[in-house]
Amino acid sequence: MFGLNGSSGDFARDVATEVEYLKTMHGENALAVAREKAARPALRTHRRKILNAAVQRLEGKPERKLLGRLFG
């Protein structure tokens with residue numbers, strides 16, 4: 001589910017899966033749980049990126065594209 005090699009479509013799919021899982025398991029507390037999980041010190045970089053993206057999606061922030069990351 002959280003493979004290291006793959007295209008950006010795999011990353012987007014992993015984030016969507018994580019968001020749906022958090023919403024299903026934690027309901028209203030999904031954002032707080034995602035923040036707590038992302039703050040754990042022993043996470044791999046890829047897993048941390050997925051959780052940070054899930055936090056942003058749960059907060060309702062728009063996804064940052066390449067130009068937004070470069071100039072934003």
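The values are calculated or read from the model by the stated rules, or taken from the named source; none is laboratory data. Everything numeric in this text was worked out from a predicted model, so none of it was measured. Backbone-built Cβ (ideal geometry, glycine too); neighbour counts: all protein chains shown. Remember, those area values only see protein heavy atoms, side chains included, never the ligands or the DNA or RNA. Shrake-Rupley method; radii C 1.70, N 1.55, O 1.52, S 1.80 Å.
Computed values, structure above
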read-out	value
Computed magnitude of the charge dipole of the range 13-59 (debye, nearest 20; Cβ of K, R +1, Cβ of D, E -1)	280 debye
Accessible area per residue in Å² at 1.4 Å probe, computed on the range 13-59	64 Å²
Long-range Cα-Cα pairs in the range 13-59 (distance over 13 Å), rounded percent	47 percent
